[in-house]
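Here is the structure we will look at, set down as structure tokens.
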């Protein structure tokens, strides 16, 4: 375990190490839906930055199972982790009750970042799968384009989307997304990843999730919002089975993000959490712990 600041640093260093190896963690092809990384014991999907950390780890090591567990959980399910296997870090938030009282006179709750180590099911032997858990590997989505269109069409309280513009942009004042047409993109995957990116921005509107927008390129708020939109696009691309497009100058792209993230160790964790909420909003999904996740963001 570690204190709040060191957890931010550990996760940020891990993400930077992935990027320095030439991988864009939020653009690496990974699977969504029922194939999202999940904890074996609870069956719950991991959320926020943990999705990217586990997805990259699975892809780089060829793990097919969506299930992850601690060393102790592997033993609780009748098996063990194979000798020599390396663990992966995931973050969680531990809640504490403060001596201070809130405006209603109740003790305040606060959250502290912690981490623990997990292993993929493919790194274990003898582990018994709980009843009701699917054990198949990633399932291919039959028609990613149809699935992507369904996501766009299903966006509740959506902004207007207009096509045929020379560049992609979200106008927060007009609450309007403007993107180049499909014919103006090199690939259909690029078209949807671009549209999903701008949809991610649009969730920050005051009528939706009410995020702060950075208006000047290069400042911290602008960089954080761009990362939220990038990660939102990744969640939605994974959900639909669309592979995010290849970046023309990936080295420069990565160098820019490494510099930005190094300046603020909290950025990756906070942006990933906000992107998760943005994707949930677009997909019109509700999770039991969303209210607590909002409090966690405040703690960050």
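The values are calculated or read from the model by the stated rules, or taken from the named source; none is laboratory data. What you are looking at is a predicted structure, and each value in this text was computed from that prediction instead of being measured. Neighbour counts are summed over all protein chains in view; Cβ atoms, including those assigned to glycine, are modelled from backbone coordinates with ideal geometry.
Name the residues in segment 272-288 that are at pLDDT 90 or above and surrounded by fewer than 13 Cβ atoms within 10 Å (Cβ to Cβ), would you?
Narrowing segment 272-288 to residues at pLDDT 90 or above: 272-285.
Correct list: 284, 285.
One residue is enough: does segment 70-77 have a residue meeting the conditions crowded, with 21+ Cβ neighbours inside 10 Å, at pLDDT 95 or above and part of a helix (DSSP H, G or I)?
Residues of segment 70-77 that are crowded, with 21+ Cβ neighbours inside 10 Å, as a first pass: 74.
Checking which are at pLDDT 95 or above leaves us with 74.
This time we only want the ones that are part of a helix (DSSP H, G or I), so: 74.
Checked against the condition, which is being crowded, with 21+ Cβ neighbours inside 10 Å, at pLDDT 95 or above and part of a helix (DSSP H, G or I), segment 70-77 yields at least one hit.
Being farther than 25 Å from residue 13 by Cα and without any contact (Cβ under 8 Å) to a residue 24 or more places away in the chain narrows it down to one of 149, 125, so name that one. Please lay out each step first, then the result.
On the way: 125 fails: without any contact (Cβ under 8 Å) to a residue 24 or more places away in the chain.
Only one candidate qualifies: 149.
Report yes if residue 231 is in contact with a helix residue (DSSP H, G or I) (Cβ under 7 Å, 6 or more places away or on another chain) and modelled with pLDDT of 95 or more, otherwise no. Reasoning before the result, please.
Details: in contact with a helix residue (DSSP H, G or I) (Cβ under 7 Å, 6 or more places away or on another chain): yes; modelled with pLDDT of 95 or more: yes.
So residue 231 fits the description; yes.
Only one residue in 59, 54 is in a helix (DSSP H, G or I) and within 17 Å of residue 12 (Cα to Cα), so which one is that?
Numbers: 59 fails: within 17 Å of residue 12 (Cα to Cα).
When all the criteria are applied, what remains is 54.
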Discussion item. If the requirement is being more than 30 Å from residue 146 (Cα to Cα), at pLDDT below 95 and surrounded by 13 or more Cβ atoms within 10 Å (Cβ to Cβ), which of these qualifies: 216, 295, 291, 239?
Written reply: 295
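Consider residue 269 carefully, then state whether it is at pLDDT 90 or above, buried (at least 17 other Cβ atoms within 10 Å of the Cβ) and touching a strand residue (DSSP E or B) at 6+ places or on another chain (Cβ under 8 Å).
Working: at pLDDT 90 or above: yes; buried (at least 17 other Cβ atoms within 10 Å of the Cβ): yes; touching a strand residue (DSSP E or B) at 6+ places or on another chain (Cβ under 8 Å): yes.
Taking the combined requirement at face value, the residue satisfies it.
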Worksheet item: If a residue has to be under 13 Å from residue 203 (Cα atoms), in a strand (DSSP E or B) and touching a residue at least 12 places away in the same chain (Cβ under 8 Å) to count, how many in segment 162-172 make the cut?
Response: 1
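Take the residues in segment 242-260 that are in contact with a helix residue (DSSP H, G or I) (Cβ under 7 Å, 6 or more places away or on another chain) and not in a helix (DSSP H, G or I), then tell me which one is surrounded by the most Cβ atoms within 10 Å (Cβ to Cβ). Show your work before the answer.
Taking segment 242-260 and keeping what is in contact with a helix residue (DSSP H, G or I) (Cβ under 7 Å, 6 or more places away or on another chain), we get 242-245, 247, 254, 257-258, 260.
Right, trim to not in a helix (DSSP H, G or I) and you get 242-245, 247.
Working: 242: 26, 243: 17, 244: 24, 245: 19, 247: 12.
Ranking the candidates gives 242 first.
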Worksheet item: Which condition number in (1) out of contact with any helix residue (DSSP H, G or I) (no Cβ under 7 Å at 6 or more places or on another chain); (2) under 14 Å from residue 26 (Cα atoms) is the one that residue 206 fails?
Response: (2)
Worksheet item: Under the condition of being modelled with pLDDT of 95 or more, in contact with a helix residue (DSSP H, G or I) (Cβ under 8 Å, 6 or more places away or on another chain) and part of a loop (DSSP other than H, G, I, E, B), which residue from segment 122-161 is nearest to residue 174 (Cα to Cα)?
Response: 159
Practice prompt. Scan segment 173-210 residue by residue and report those that are without any contact (Cβ under 8 Å) to a residue 24 or more places away in the chain, surrounded by fewer than 17 Cβ atoms within 10 Å (Cβ to Cβ) and in a helix (DSSP H, G or I).
Written response: 182, 183, 184
Item to complete: Check segment 81-100 and report whether any residue there is within 16 Å of residue 41 (Cα to Cα) and touching a residue at least 60 places away in the same chain (Cβ under 8 Å).
Response: no
